Ligand code: ADP
Ligand code: MG
């Protein structure tokens, strides 16, 4: 148990502090609420008790509420005199208000340094950066929304890390809406609502992740609303994330919605090819630390960026698996290996292109109305795009010819077949058509 706890402390205090101060501690026992650690020197014992005892106590306490105090015993020395936790007995102090909530630790990988910026997320990134500076509050709340795996949590942690570095004086609290609800219910049950309110109203920056979770949970929403208002009134920064825009969260009270909308609302768009490639390249750099001499063929990253869905988590998972697999079997990462190793992921993320999408893209491309393309007009300027669209439907969807015909104003399957053949011929003879097809195909597969 101490081993696991040490790993959490490592994250919190950083590798250097950890190696110097935490690693040498040996857990001895827990008696009458006093957790005793063996330490090699008096100096180390004093230093740890002065600087880290709050933290250690807080961690221990959150696992086992019996723990009330720490004690350090010097064992390498002949005098095994306990170094009673230093004056003025910092360990007797209650963990600070916010830490009493035992908020989830921040992920050390989620910083601005590791966040790859592209068109789809540049606005969200810029807004997050601004809030992370810890200057005067300009937009409140900052509301980040977007589909799963697009980097909302990453950005929120990055803000928290940045604030901790730049403004250690600020009380920053990050938690998920689920944790908010859990604390709230717990406070109700333990009749500690006063404490709960006090803690939440004393933070300087409040971040609530995945706020859609409280939709439909009336009393939690109520409390959230009050907390929110109290903080905004004190001009404290609030940062919220959700999987959709405030107005689109069902079962959320109107007043909560409008409150959420009154700051800056920015969305993280689905990733595009360039962003996916950028993310893959940066993740490869990170994988290189673990696998310094794995060979990676050209084209593999481009292939993955093309083929894997917009969810960055899936993309990351695929890359991690690929490197682990290649190093296990001792092979280079080639296209073949990639396709073997990721067959299931690739299949699952095959994008389903619809007939409607094709029709829309083609009519936009040729600058004609959708209704004209689908309708009965036989003019060449409509008929040709119509045939192109039919051809693409045959190539890119699994629809049969009769099904395609039906979606083009109830045309017969032989008409579709004729159109498809015609385009196949033209593709060989007409450079312009070939180019159009290539452009359209790429736009549709992006
Ligand atoms: P969300 O909270 O929006 O569901 P996360 O923030 O948890 O998504 O992101 C999922 C994973 O993808 C995380 O490992 C995160 O580091 C990574 N990720 C997402 N966007 C980016 C990005 N732009 N650059 C680097 N990594 C990213
Ligand atoms: Mg998230």
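Throughout, read-outs are computed from the coordinates displayed, never taken from laboratory work. Here the structure is a predicted model, which means the values were calculated and not measured. As a convention, Cβ positions derive from the backbone with ideal geometry for all residues, glycine included, and neighbour counts pool all protein chains shown.
Relative contact order of the chain: what whole-number percent is it, with Cα pairs under 8 angstrom and at least 6 residues apart? Write out the running numbers ahead of the final one.
Numbers: 608 pairs, mean separation 48.2, N = 446.
RCO, the chain: 11 percent.
Each label was represented as a point 7 Å from its Cα along the Cα-to-Cβ direction; for residue 412 and residue 339 these points are 4.0 nm apart. Inverting the pair-averaged 1/r between distinct Cα atoms of the stretch 355-445 gives 12.8 Å as its Kirkwood hydrodynamic radius. For the chain, take the longest principal axis of its alpha carbons; what is the angle in degrees between that and the long axis of helix 2-13, to the nearest 10 within 0 to 90? Helix 2-13 sits roughly 70 degrees off the main axis of the chain.
Determine the percent antiparallel among the DSSP beta bridges restricted to the stretch 1-82, to the nearest 5. Numbers along the way, then the final one.
Details: 6 of 12 bridges.
In the stretch 1-82, DSSP labels about 50 percent of beta bridges as antiparallel.
Note on the stretch 360-418 and the stretch 103-167: Cα centroid distance 45 Å, given to the nearest whole angstrom.
Per residue of the chain, the DSSP helices (runs of n ≥ 4 H) give a summed -39500 (n - 2.57) that works out to -16000 deg cm²/dmol at 222 nm. In the chain, the DSSP beta bridges split such that about 25 percent are antiparallel, to the nearest 5.
Take the eigenvalues of the Cα gyration tensor for the chain, scale each by 5, and report the square roots as semi-axes in whole Å, largest first. Could you put the intermediate results ahead of the total?
Numbers: eigenvalues 631, 169, 57 Å².
Over the Cα atoms of the chain, the ellipsoid semi-axes are 56, 29, 17 Å.
With a simple spin-label model that places each label point 7 Å from the Cα along the Cα-to-Cβ direction, the separation between residue 222 and residue 348 comes to 4.1 nm.
Counting only the backbone N, which residues of the stretch 124-156 are under 14 Å from the spot 7 Å out from the Cα of residue 245 toward its beta-carbon? Counting only backbone N, you get 143-147. Using Cα atoms only, what is the angle between the long axis of helix 380-396 and the major principal axis of the chain, expressed in degrees (0 to 90) to the nearest 10? Around 50 degrees separate the two axes.
Shown is the FRET efficiency for residue 377 and residue 272, computed with R0 = 45 Å from the Cβ-Cβ distance and rounded to the nearest 0.05: 0.80. Give the Kirkwood hydrodynamic radius (Å, one decimal) of the stretch 246-293, defined as one over the mean of 1/r across all pairs of different Cα atoms. The Cα-based Kirkwood calculation yields 14.3 Å. If R0 is taken as 22 Å, the Cβ-Cβ distance between residue 261 and residue 133 corresponds to a FRET efficiency of 0.40.
Packing, as the average of other Cβ atoms within 10 Å across residues, places the peptides 358-368, 203-213, 424-434, 51-61 in the order 203-213, 51-61, 358-368, 424-434, highest first.
Semi-axes of the equivalent ellipsoid of the stretch 273-348 are 18, 14, 11 Å, computed as sqrt(5λ) over the eigenvalues of the C-alpha gyration tensor in descending order. Could you pull out which residues in the stretch 326-367 have an amide N less than 11 Å from a spot 7 Å beyond the Cα of residue 303, following the Cα-Cβ vector? Residues 333-343 qualify, since their backbone N sits under 11 Å from the label point. Classification of the stretch 398-446 by its C-alpha gyration tensor yields an oblate form. The axis ratio a/c (a ≥ b ≥ c) is 1.5 or more, and b/c is at least a/b.
For the stretch 23-40, the residues whose backbone nitrogen is under 15 Å from a point 7 Å from the Cα of residue 17, taken along Cα to Cβ, are 23-24.
On C-alpha positions alone, give me the angle between the axis of helix 273-290 and the longest principal axis of the chain, in degrees, nearest 10. Roughly 40 degrees between the two axes.
Would you mind calculating the relative contact order of the stretch 119-268 from Cα pairs under 8 angstrom and at least 6 residues apart, reporting the percent as a whole number?
Working: 227 pairs, mean separation 57.4, N = 150.
Worked out over the stretch 119-268, it gives 38 percent.
Taking the Cα centre of each part, how many Å lie between the stretch 238-312 and the stretch 47-63? Here the two parts' Cα centres lie 36 Å apart. For the stretch 355-445, relative contact order (Cα pairs under 8 Å, six or more residues apart, normalised by length) works out to 28 percent. If you take the Cα centroid of the stretch 26-45 and the Cα centroid of the stretch 183-223, the two points sit 36 Å apart.
Just check the stretch 119-268 against the gyration tensor rule for me: Cα atoms, a ≥ b ≥ c as the square roots of the eigenvalues, rounded for a/c under 1.5, and otherwise prolate or oblate depending on whether a/b exceeds b/c. Judged from the Cα gyration tensor, the stretch 119-268 comes out oblate (a/c at least 1.5, b/c at or above a/b).
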